[in-house]
1. Specify the residue that is surrounded by the most Cβ atoms within 10 Å (Cβ to Cβ); the eligible residues are those in the stretch B:561-579 that are part of a helix (DSSP H, G or I) and touching a helix residue (DSSP H, G or I) at 6+ places or on another chain (Cβ under 7 Å).
2. Only one of these conditions is not met by residue B:325: (1) touching a strand residue (DSSP E or B) at 6+ places or on another chain (Cβ under 9 Å); (2) surrounded by fewer than 24 Cβ atoms within 10 Å (Cβ to Cβ). Which number is it?
3. Filter the stretch B:191-202 for residues that are within 14 Å of another protein chain (Cβ to nearest Cβ) and under 14 Å from the mean Cα position of the chain (by Cα) and give the result.
4. For the stretch B:232-253, enumerate the residues that are more than 14 Å from chain A (Cβ to nearest Cβ) and modelled with pLDDT of 95 or more.
5. Hey, any hits in the stretch B:214-229 for a residue that's assigned to a helix (DSSP H, G or I), within 14 Å of chain A (Cβ to nearest Cβ) and within 30 Å of residue A:40 (Cα to Cα)?
6. Checking the structure you have, find out if any residue of the stretch B:611-622 is within 21 Å of residue B:38 (Cβ to Cβ) and surrounded by fewer than 19 Cβ atoms within 10 Å (Cβ to Cβ).
7. Would a scan of the stretch B:118-138 turn up a residue that is over 28 Å from the mean Cα position of the chain (by Cα) and closer than 29 Å to residue B:68 by Cα?
8. Please work out if residue B:527 is under 30 Å from residue B:237 (Cα atoms) and either in contact with a strand residue (DSSP E or B) (Cβ under 7 Å, 6 or more places away or on another chain) or buried (at least 23 other Cβ atoms within 10 Å of the Cβ) (or both).
């Protein structure tokens with residue numbers, strides 16, 4: 001476990017995802033005080049059954065989303081390394097979605113603002129429930145000098161990779 | 001208004017293509033909850049007066065896709081599918097896992113009521129309160145996997161085009177039918193996520209008869225507001241922590257059953273229940289696990305157990321086959337029941353059955369029935385148009401399953417399910433074939449035998465169940481124990497009863513209170529509300545029609561085979577004792593308030609506030 005007050009990263013082992021979506025439940029309970037899958041900062045995609053995986057901010061080392069924001073609503077937390085959204089400044093223009101290599105940010109379903117993982121101020125709730133159930137898809141690690149940006153991938157791209165890994169040759173025909 | 005409900009239901013008439021919203025009073029929701037209970041109430045109110053004449057596969061029938069107040073909250077969300085069953089002619093609450101119920105509730109609906117019949121194939125697509133019927137011409141005829149791919153692409157495309165600024169849309173959830181449902185096969189399922197199915201009841205045929213290929217739902221709101229969210233959160237943790245303590249279901253799901261129920265409890269259907277014991281280590285769970293499971297855990301929204309395992313055949317003759325574990329029922333009915341003891345062949349057949357939109361239990365049962373008739377020479381190669389359904393021949397059974405799904409040749413008769421097929425072939429051959437039909441009141445029996453006395457069903461469980469052969473709705477005493485009335489609670493709250501293992505029995509009622517704000521005790525449920533639903537189901541089952549009616553004196557019984565001694569294994573010679581069955585049955589009748597003939601008494605109906613139902617008793621008649 002990383003020390004307190006030290007930048008972290010959520011390591012991810014996508015092929016192991018059970019599709020239980022407890023990460024979505026934990027995230028929305030923490031941030032929205034209710035169960036709200038579409039307002040969760042981590043979202044489990046299942047474009048093909050059996051190929052479920054959590055889609056969440058990869059905290060790219062160059063933070064292209066922060067760069068792209070015209071109102072400077074996005075900033076990087078010095079404490080955790082997370083991208084923080086200033087809800088008052090955000091105008092829901094969606095520039096950050098286009099700037100993200102994985103198109104990870106999405107709009108809040110009811111309010112005019114973007115949603116991005118804030119690492120729960122250093123104690124990610126999604127990781128907690130994933131570990132409690134020993135699925136261990138998500139794990140909190142110390143942030144280092146690694147190519148995290150590689151993990152910012154569009155859902156369709158990740159699905160294609162997982163299809164090859166899990167279904168092999170047959171995987172291609174189920175992609176949509 | 002009661003908490004925990006979205007408060008609205010969609011009422012879709014396919015004949016006129018009219019879509020409106022319907023609400024139910026708090027009183028009805030308090031008494032009937034949702035899912036199976038509410039389905040029973042809706043069907044009684046709308047079709048009760050003419051029940052006997054309603055053709056389950058005609059436009060008069062109603063297809064219900066219902067959630068309950070606990071859907072999405074109690075860990076392991078499900079959806080309940082119901083209507084007048086083309087198998088039993090009664091009401092079955094048939095539940096399946098997946099995200100559909102959660103999406104529906106997040107869209108603002110507790111359920112969908114589908115009436116009428118469309119002229120052309122359609123599917124229903126809803127994004128929150130934007131609801132539309134769309135042409136399903138291109139996807140009609142497609143198998144399960146193709147349907148999921150095509151409609152996921154189409155509907156996600158619609159979302160991405162219509163709501164461009166949102167970001168990446170997740171896939172909507174989907175219920176669908178395969179070719180078997182389209183062809184009104186009575187053993188057809190309503191499916192989801194390739195490998196999930198609401199099988200018991202045969203509602204795939206009902207959905208197909210309405211030319212409704214699929215229902216696709218995307219909800220962007222939160223789950224309906226609860227009475228006490230902090231308490232709900234604590235209860236979720238309590239259930240999950242209890243489940244995490246257990247090892248069996250998490251590690252193997254029911255996937256160890258294919259070997260265990262045969263070997264240890266001697267209660268597995270083998271060659272159409274001619275035997276119930278085997279020691280085929282080739283069928284051990286380790287073989288499934290080490291050769292086929294690509295995911296150690298696979299599950300659905302909120303589930304701590306994730307009892308499914310993703311099985312993929314990566315090489316050899318059956319390369320490309322994909323299924324869940326398979327779970328025990330599929331392992332048994334598409335394995336030993338057909339004389340098959342190879343994991344790869346079992347996954348191949350499960351994958352095919354899912355693709356065709358067939359129920360593995362009902363179809364595996366009717367194929368076993370047909371194979372035994374072939375074994376005995378009652379049916380010949382000519383009867384099967386050249387096919388030879390020999391025990392253990394996976395490819396022959398694959399061909400037979402296809403013939404059933406497309407209603408070709410002998411498949412057309414078997415597509416009626418075991419009981420109706422036994423009557424039809426018996427008539428043709430002038431021989432009583434019911435001794436070969438392992439079913440109860442039109443519904444084939446789940447893969448848990450009663451002869452050894454080692455498995456969980458009691459000797460009257462299938463005989464007296466209002467859902468007949470359904471192994472998830474078993475009659476037993478005491479009423480407030482683990483029997484049918486308590487099963488009605490999970491089917492009506494609509495959550496997975498599997499997440500009740502390792503958890504105190506009162507937790508589900510604590511959950512109900514935290515979600516709805518209403519007190520409910522186990523006793524109140526067992527002897528009042530749940531029992532009321534049971535009576536309504538019983539009455540509609542006995543009214544039956546139009547093609548078949550049940551006389552409890554004859555049909556509240558086990559299949560004849562269960563009175564034959566087990567031929568081998570550690571429980572060799574054991575059988576269901578007829579006197580014990582009669583004695584238990586009479587005790588059960590008394591406990592639920594049925595007379596000696598198995599008919600609900602006026603007294604119990606009055607006590608449960610079902611006086612208006614009393615009149616229907618006069619309509620229960622036998623030829």
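1. Here is the first cut: in the stretch B:561-579, the residues part of a helix (DSSP H, G or I) are B:561-563, B:578-579.
Among the residues that remain, those that are also touching a helix residue (DSSP H, G or I) at 6+ places or on another chain (Cβ under 7 Å) are: B:561, B:563, B:578.
Details: B:561: 22, B:563: 15, B:578: 13.
So, considering only residues that are part of a helix (DSSP H, G or I) and touching a helix residue (DSSP H, G or I) at 6+ places or on another chain (Cβ under 7 Å), the one surrounded by the most Cβ atoms within 10 Å (Cβ to Cβ) is B:561.
2. Failing condition for residue B:325: (2).
3. Kept after step one, since they are within 14 Å of another protein chain (Cβ to nearest Cβ), are these residues of the stretch B:191-202: B:191-197.
Residues satisfying the conditions are B:191, B:192, B:195, B:196, B:197.
4. Within the stretch B:232-253, the subset more than 14 Å from chain A (Cβ to nearest Cβ) is B:248, B:252.
Passing the criteria: only B:252.
5. So in the stretch B:214-229, the residues assigned to a helix (DSSP H, G or I) come out as B:229.
Still in the running and within 14 Å of chain A (Cβ to nearest Cβ): B:229.
Among the residues that remain, those that are also within 30 Å of residue A:40 (Cα to Cα) are: B:229.
So far as the stretch B:214-229 goes, yes, one or more of its residues are assigned to a helix (DSSP H, G or I), within 14 Å of chain A (Cβ to nearest Cβ) and within 30 Å of residue A:40 (Cα to Cα).
6. At the first step, the residues of the stretch B:611-622 found to be within 21 Å of residue B:38 (Cβ to Cβ) are B:611-613, B:616.
Checking which are surrounded by fewer than 19 Cβ atoms within 10 Å (Cβ to Cβ) leaves us with B:611-612.
Yes, because at least one residue in the stretch B:611-622 is within 21 Å of residue B:38 (Cβ to Cβ) and surrounded by fewer than 19 Cβ atoms within 10 Å (Cβ to Cβ).
7. yes
8. Details: under 30 Å from residue B:237 (Cα atoms): yes; either in contact with a strand residue (DSSP E or B) (Cβ under 7 Å, 6 or more places away or on another chain) or buried (at least 23 other Cβ atoms within 10 Å of the Cβ) (or both): no.
No.
The values are calculated or read from the model by the stated rules, or taken from the named source; none is laboratory data. Just so it is clear, the model here is predicted, and its values are computed rather than measured. Reconstructed Cβ throughout: ideal geometry from the backbone, glycine too, with neighbour counts over all protein chains shown.
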